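Structure record follows, encoded as structure tokens.
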Amino acid sequence: MHPLSSSSPPLLPNDASTDSSVSSERRLREAEDRLREAIEELQRRQRRARGLYPPCDHADESCVANAIGNVCQSFLLSYGVRVGIGILLRAFKLARRQSYSSLLDLKQLVSEKDLIVREEACRIGLLFGGFTGSYHALRCLLRKLRRKETPLNAILAGSVAGLSILALDDSNRRRTLALYLLARLSQCAYNSAKSKNRFHLWGSHWSHGDSLLFALACAQVMYSFIMRPESLPKAYRDFIQKTGLVAAPVYKAVKDCCRGSPVDVASLHAYLSKAKGSTTMKLEEFPSIMPCSVIHPGTKSCFVHDANAAAATFRKTFPLYFSLTFVPFVVLRLQKFMDAPTRTCWYALTGAVRSTTFLSAFVGIFQAVICSHRKVASKDHKLVYWVAGALSGLSVLLEKKSRRGELALYVLPRAADSLWYILVNRHLLPDIKNAEVPLFCACMGGIMYYLEHEPDTMAPFLRGLIRRFLGSRISNPTPPSNRTASYTYLHTLNAMKEPKMPENRENEISTVEKYNLESIPGL
């Protein structure tokens, strides 16, 4: 027996067994790593010797069959989501008219005369299905041609497959989608650089940085809506117009007043003469400011008008938000909906109420700021509407924290699009025709790289949307039966090494919670 040192306490039996277990696990992991490296090196040598290319991840299917299957699956999913949203919105419209019996009449519910979704749904299906199928086909082709699997394969395949954006015939929609992906790609690149301690923005640790970004984007959008409405897409401009209670002639009069242009008195007088509760007033061709009596002629009280605007926005947009929450989840998560239909409906209802409340507060705050300015000022200025948009953006605090960043990245491309139009119109930037197509292709190449090689840098919303909606077979590859035993063992080692992450149901549901479909033509 050797005497124990006075400076070292004796080891207890449990401590000794714990240290031994930790040491054994560490040695086992090191052995697995060495075995994995040896198997990978052996596979590389065998492929080089035989002139083979890396195996594809689509089981026993051929590359052509896999591509066609993805085209059909993505097309049907996207087509079903679009048609389902259109039918549900049509049902809400019939219910508002208290025509409940017509809900069972297919001629009124899904007729082409009242429900114009066929062409738009087909175009959306061709966009999503065409991208998915061509991406898988190009990945397989690049594996065979280059005889290796590198990040360049994902970038090239995503970029070329991005030409599916040509399925949309509206250049404004293509440009909006391209700018949205540019914002998402910038987010992925920033998260990647930040995780590697290469770069981070000042203030990135702020808990409400996403709300600030949303407010700044809304300021540009609302300024453009009042001062430069032609810089916004027509569908988006109509959506903003319909959510408020201010008429189009009034907006035009406010713009002319701020710019020092003559006001169209005849058009404004014709509108005021038809408005309920409006009083006869003298209109000037060059007024210093448009009074509240012109902005809301049917209501004398500004507070009542703001409350009415918020309530009207809630009534008009609740069916849209409920449809955008409920239909995609049912179509894309049918099994989960069948397992818990009540929970799904409740989640869709509460999510729609919360989102509609946020939008109603946005409209109410914007109207309140405009009226408050007229109480203290005698001259209008275009900067007022930029400030009003920024203050209205603070209503995003009513939304869930996980949704604020998504909303900010949704509005930011529209603000950038508007700013781009203004700079081009002032000849500060060149006007390149169809520039949105190569921009979309480049962004899709970057997005697919981050999806496959750095998925943690991507927002859960976008990552889940692409994996489930655009490329459902990407996230669940099945090893083919004709692969070697070494590959199967390597696949098993990887599965054992990767820890299972707890399922976050809220993130899964939020993946399909909102879509850029606020403009539903024909409904």
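The values are calculated or read from the model by the stated rules, or taken from the named source; none is laboratory data. On a predicted model such as this, the values are computed, not experimentally measured, just so you know. Because the Cβ atoms are built from the backbone with ideal geometry, glycine has one as well, and the counts that use them run over all protein chains shown. Keep in mind that these areas ignore ligands, DNA and RNA; they rest on the heavy atoms of the full protein, side chains included. Shrake-Rupley method; radii C 1.70, N 1.55, O 1.52, S 1.80 Å.
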*Could you order Val353, Val64, Val376 by accessible surface area, starting with the largest, using a probe radius of 1.4 Å?*
Val376, Val64, Val353
*How large is ³J(HN,Hα), in whole Hz, for each residue of segment 150-156 in order, when computed from phi with the Karplus curve 6.51 cos²θ - 1.76 cosθ + 1.60 and θ = phi - 60°, using x for Gly and Pro?*
10, x, 4, 4, 5, 5, 5
*Would you please classify the overall shape of segment 330-452 from the alpha carbon gyration tensor, given that a ≥ b ≥ c denote the square roots of the eigenvalues, rounded means a/c under 1.5, and beyond that prolate means a/b larger than b/c while oblate covers the rest?*
oblate
*asked:* Greater than 28 Å separation of Cα atoms is the criterion. Which listed pairs, Lys252/Lys282; Lys252/Lys316; Lys196/Lys433; Lys242/Lys433; Lys336/Lys400; Lys194/Lys382, meet it?
replied: Lys196/Lys433; Lys242/Lys433; Lys194/Lys382
*Short version: ³J(HN,Hα) in whole Hz for each residue of segment 393-401, in order, from phi by Karplus 6.51 cos²θ - 1.76 cosθ + 1.60 (θ = phi - 60°), x for Gly and Pro, what are they?*
x, 5, 5, 5, 5, 6, 7, 5, 4
_With θ taken as phi - 60° and the coefficients 6.51, -1.76 and 1.60, list the Karplus ³J(HN,Hα) couplings across segment 191-197 in order, rounded to whole Hz; mark glycine and proline as x._
5, 5, 5, 5, 5, 9, 6
*Hull shadow area, averaged, segment 207-360 [alpha-carbon convex hull, nm²]*: 12.3
_Give me the extension gain from Ala266 to Cys345: residue separation times 0.36 nm, minus the current Cα-Cα distance, reported in nm with one decimal._
23.5 nm
*Report Tyr223's accessible area, 1.4 Å probe, all protein chains in place, as a number in Å² to the nearest 10.*
40
*What is the calculated FRET efficiency for Lys274 to Lys300, with r their C-beta to C-beta distance and R₀ = 22 Å, to the nearest 0.05?*
0.80
_Using a Förster distance of 25 Å, the FRET efficiency for Lys144-His453 (Cβ separation, nearest 0.05)_ = 0.75
